Amino acid sequence: MLVLFFKEIKYFFITPIGYIILGIFWTFNTLLFIVIQNDYNFFQKSFIDFNEFFTITPWMLIVLIPIIVMRSFSEEFQSGTIDLLISKPISLINILWSKFFGCLFLFILSISPSIINIIYVFQFSSPDSQVDFQVIIGSYFGLLLLGSNFISLCLPISIIFKNQITVFIASSFICFLQYFLFNQLSVLSNSGFLYELILNIGSQEHYSKFISGVMPIIDIGYFVGLDVLLMGVSLFFLNKSRHQ
């Protein structure tokens, strides 16, 4: 399982594309939140507020995570190594979890430099500034759960479609719908019960709890449960492809 985990990471950096993607993502983050004057720039505020960083980052992940995941299985199918992989003395579910945690590690690596940006902003804050570290920690934890959710959404798509560009487009679209659609649909409901039901199907409502400094068990359970469910979907399609 560890071999497949490191293989997933190695494949991402085996070509310059991996470095270019991370470089663009890190540069865009730095420009948006520190360098360029705009509403999201940390230094444009009269007080330290990282809420907008954690609000806008999920929209970047809708592009970043499909790029990370798109070659996970589609590359195996295109190169013909999927048969060799499945024939190894390792269960399909372990193959899936190896891919999942490999992608999760790459995602964590992608967002890690943002911590440097936050530390950099702290250097310019006044000594009496009040910083709620609980909110920052909770927000990063929520971002981690949301990222894992997007990865588990993209993995079955990488199994279904064999073309990486198709996987990227379909994955970005599905992640966008899962994060954004249900919030918009909920406002169309005249029933309070249906409003809450539809709202809580999407991940945006659950993620918003974390960036407000709250880490409810029920919202953690939502992300973990959805990951497990989607991994089951991936297992179904992977098992189906083995018999084709």
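For TYR195 paired with VAL224, estimate the spin-label separation in nm (one decimal), with each label point 7 Å from Cα along the Cα-to-Cβ line.
Once both label points are built, they end up 3.1 nm from each other.
Work out how much length LEU185 to PHE28 would gain on full extension: take 0.36 nm times their residue separation and subtract the Cα-Cα distance, in nm to one decimal.
53.4 nm
With the Cα gyration tensor of segment 185-239 in hand, convert its eigenvalues to equivalent ellipsoid semi-axes via √(5λ) and list them largest first in whole Å.
For segment 185-239, the ellipsoid semi-axes come out as 25, 17, 8 Å.
Setting aside same-chain residues fewer than 8 positions from LYS88, which lysines have a Cα under 16 Å from its Cα?
Straight-line reach from LYS88, under 16 Å: LYS7, LYS99.
Using the alpha-carbon atoms, what tilt in degrees (0 to 90, nearest 10) does helix 2-13 show relative to the longest principal axis of the chain?
The angle comes out near 70 degrees.
With n ≥ 4 as the cut-off for DSSP H runs, can you work out [θ] at 222 nm for the chain, using -39500 (n - 2.57) per run divided by the number of residues, rounded to the nearest 500?
-23000 deg cm²/dmol
When the chain is modelled as a GNM with alpha-carbon springs shorter than 10 Å, which of SER87, SER234, SER152 fluctuates the most?
Of SER87, SER234, SER152, the Gaussian network model singles out SER87 as fluctuating most.
Between 0 and 90 degrees, rounded to the nearest ten: what's the tilt of helix 133-160 against the longest Cα principal axis of the chain?
Relative to the chain, helix 133-160 is tipped by roughly 30 degrees.
Roughly what percent of Cα-Cα pairs across segment 118-244 reach past 24 Å?
Tail of P(r) above 24 Å: 44 percent of Cα pairs.
Mind checking the angle between helix 51-69 and the chain's longest principal axis? C-alpha axes, 0 to 90 degrees, to the nearest 10.
Tilt of helix 51-69: around 20 degrees.
Mind sorting out which of [x] 76, 41, 29; [y] 62, 49, 28; [z] 49, 42, 33 is the real Cα extents along the principal axes in Å computed from the coordinates?
[y]
If the cut-off is a Cα-Cα distance under 27 Å, which lysines reach LYS209, setting aside same-chain residues fewer than 8 apart in sequence?
Cross-link targets: LYS45.
Just so you know, all these numbers are worked out from the coordinates, no wet-lab data involved. Since we're looking at a predicted model, the values are computed, not measured. A quick note on method: Cβ atoms are made from the backbone with ideal geometry, for glycine too, and the neighbour counts reach across all protein chains shown.
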